[in-house]
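Below you'll find the structure, written out as C-alpha cells, and then a few comments.
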Amino acid sequence: MSPSSTHDNLASLSTATLSDALDRLGQPGAVFGIGNLGAGPRLAGPAYTVRYVPASSPPGTVGDYIDDVPEGAVVVLDNQGRTECTVWGDILTAVAEARGIAGTVIDGVCRDTQRAFDLAYPIFSRGRFMRTGKDRVQVAAVQECVSVGGRQVNPGDLVLGDLDGVVVIARGLENEVLEVAMEIHERESGILARALGGATVAEARAAYGYHELQRRRGQA
C-alpha cells in the first residue's frame, strides 16, 4: 500500500480507534489537554513543527515560518502550554487555509477564532485568548522535535485530529497502526451490529473479544 493510501485510510478512522491501536502496540500517541476548537471537524497530515520560547531583546519573529509550510501539512506549535498569550491568529489562519495547509495543533492558545469558523479551518488548542504573543514569545526552532500535550512530535509524523482530540503516529509505524486499527474497527462494528440485532451488549462484546481490543500485544 502506498504511503498516501495508508494515510488516507488512517484519516478515515476515529482518533479513538487509532488511540486503541497505539495502546495495543505499546506506542505513545494521545496528545493530552488539546481539543478541537470546533471550526473544522477533522485534520490529518504530516507534522510541520515549530517551537516557541519567551521573547529575547530585541524580540524575534512569531509567524514568518508559515511561508515554508507545504500544502497538506499540519502545523504543530509547541508553546509549552502557555495560555497567557497566543501564537496563532487570523492572518495565519487565512494564509494557511488559502495554501491548503491541513490544520493547526497548538500547545497553547489561539485568537481571532471567528476567521477559523468562517473558513472551517481546523484548529486544535488548549483554548482561545485575545492577548498577542508578539514581543512575548518568539520562534526558537522549526522542523525539529517538539513536545505537544505530553507527546513528542517529530517533523513528518502523522497528526490526526477529530472531535475527540489529537493522536500522533510516528513515521514508520503507519502500516502497523493501520492494520491493528482496522481490526479494532471491524470488531467494534461487529459488536454494534450484533447488539442492535438483539444480542445483549455482554454477549456481543464476548463474541468479538471487546475487552482485548486495546490490550497490549503479549499481555494476557
Query raised in the report: Where the convex hull is taken over the Cα atoms of the chain, what is its projected area averaged over directions, in nm²?
Result: 13.4 nm²
Query - Full-stretch length increase - GLU179, ASP135 - with 0.36 nm per residue and alpha-carbon distance subtracted - result: 11.2 nm
Query raised in the report: Say we join alpha carbon atoms closer than 10 Å with springs in a Gaussian network model of the chain; which of THR61, THR132, THR200 then has the biggest fluctuation?
Result: THR200
**Report entry** Percentage relative contact order, the range 1-115, counting C-alpha pairs under 8 Å, at least six apart
**Finding:** 24 percent
Query - Among beta bridges that DSSP assigns inside the chain, antiparallel share in %, nearest 5 - result: 60 percent
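Computed from the coordinates by the stated procedures, all read-outs in this text should not be read as laboratory data. In this text the structure is predicted, and so the values were computed from the model without any measurement.
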